[in-house]
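The values are calculated or read from the model by the stated rules, or taken from the named source; none is laboratory data. This one's a predicted model, so the numbers in the text were calculated from it and none came from an experiment. Note: ideal-geometry Cβ built from the backbone for every residue, glycine included; neighbour counts use all protein chains shown.
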Amino acid sequence: MDWVNETALAKLNLGLAVRGRRADGYHEIHTIFATIDLADELELRASDEGVWLEVQGPEDVPRGLENLAWRAASLYLQESGAGGGVEIRLKKDIPASAGLGGGSADAAAVLRGMAKLYPSGVDLTALARRLGADVPFLLRGGLAEGRGVGDELAFLEPAEAHFVLVKPLFAVPTAGAYGALEERDFGPDLDVAGILRALRQGEAPPWRNDLERPVFFAYPPLADLKKLLQGYGLGGVLMSGSGSTLFAPVESREKAEQYADALGRRYPGFWTRAVSLAGGIA
């Protein structure tokens, strides 16, 4: 059988409100998910048995059971009862532990690809929930309001916006970021209409990320980086997810590329990228 190609789009959190701690130990959140035109690329091909995964990317990307792409394929084979296996080639471009949903995007892409290789009546959204809180959104992508742990979704009309992304050398573990939250960090719902209106009008959105206080406390250089970006005239600088990527809206893709290039040359240790909002999977 020929290879099946899937694109795994990264995501930004256009605001992240942590509403409180749930009885199950997880946190209730309110966020706006948005896919961007930064992506990993995957190829999948049916095989006789098992899961084989080849990763083209940094050495710190897991190659086996710890990789969400591997786990997604294994879960689909198990739940669908497919009598075969799969070979997966994964080309990484989304940095790991960056708040951009790279692993979750890969898992979602694998689920889509597996459904093409081994059609079945398996509920992909149900499998996605078992793999991670961001995976259900990334099955489809686009723009969506997320509640619960992020898996309760209300999809929104597409929007156009451009951003510059900056990530320092270090990563921020998601579990550690949420584990450091205190009651004083919990806040009200986001002003979704106000955020989207500001983006469309080219203004600094009234967004916030309730994880910033504990993450900035644990990683002071990240707080310094936010001040540095603000000093370059960027308004609305925000951390995506649990970090460590910071992003800011700019008026055009050209302007975002200028900022990314200038910051990358000025601070060669940083990962910088210009991105735009991207539509969901057709």
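Being among the charged types (D, E, K, R) and either in contact (Cβ under 8 Å) with a residue 40 or more places away in the chain or under 26 Å from Gly279 (Cα atoms) (or both) narrows it down to one residue among Asp24, Asp37; which is it?
Asp37
Can you find a residue that is surrounded by 20 or more Cβ atoms within 10 Å (Cβ to Cβ), under 22 Å from the mean Cα position of the chain (by Cα), over 20 Å from Arg147 (Cβ atoms) and charged (D, E, K, R) anywhere in segment 257-276?
Looking for residues that are surrounded by 20 or more Cβ atoms within 10 Å (Cβ to Cβ), under 22 Å from the mean Cα position of the chain (by Cα), over 20 Å from Arg147 (Cβ atoms) and charged (D, E, K, R), one finds at least one in segment 257-276, hence yes.
Sort out which residues of segment 1-24 are farther than 23 Å from Tyr118 by Cα and not in a strand (DSSP E or B), and write them in order of number. Working first, answer last.
Here is the first cut: in segment 1-24, the residues farther than 23 Å from Tyr118 by Cα are 10-24.
The answer is Arg22, Ala23, Asp24.
Gly146 - would you say it is assigned to a loop (DSSP other than H, G, I, E, B), at pLDDT 95 or above and surrounded by 14 or more Cβ atoms within 10 Å (Cβ to Cβ)?
Taking the combined requirement at face value, the residue does not satisfy it.
Quick one: Asp134 ticks every box in (1) surrounded by fewer than 24 Cβ atoms within 10 Å (Cβ to Cβ); (2) touching a Lys or Arg at 6+ places or on another chain (Cβ under 7 Å) bar one, so which box is it?
(1) is the only condition that Asp134 fails.
Does any residue of segment 245-254 turn out to be more than 21 Å from the chain's Cα centre (by Cα), closer than 25 Å to Asp93 by Cα and of a type outside the set (D, E, K, R)?
The answer is yes, given that some residue of segment 245-254 is more than 21 Å from the chain's Cα centre (by Cα), closer than 25 Å to Asp93 by Cα and of a type outside the set (D, E, K, R).
For segment 77-110, how many residues meet the condition of being surrounded by 24 or more Cβ atoms within 10 Å (Cβ to Cβ) and either in a helix (DSSP H, G or I) or of a type in the set (D, E, K, R) (or both)?
Result for segment 77-110: 9.
Check whether at least one residue in segment 225-242 is of a type in the set (Gly, Ala, Ser), surrounded by 20 or more Cβ atoms within 10 Å (Cβ to Cβ) and assigned to a helix (DSSP H, G or I), and report yes or no.
no
Considering only segment 129-170, state which residues are in the same structural domain as Phe270 (by TED's automatic domain parsing) and of a type in the set (Val, Ile, Thr).
Passing the criteria: Val164, Val166.
Looking at segment 241-268, I want the residues that are at positive phi and have a partner that is buried (at least 16 other Cβ atoms within 10 Å of the Cβ) with Cβ atoms under 6 Å, at least 6 apart or on another chain. Which pairs are those?
Listed pairs, sorted by first residue: Gly241/Asn13; Gly241/Gly99; Gly243/Gly99; Gly243/Val172; Gly243/Val215.
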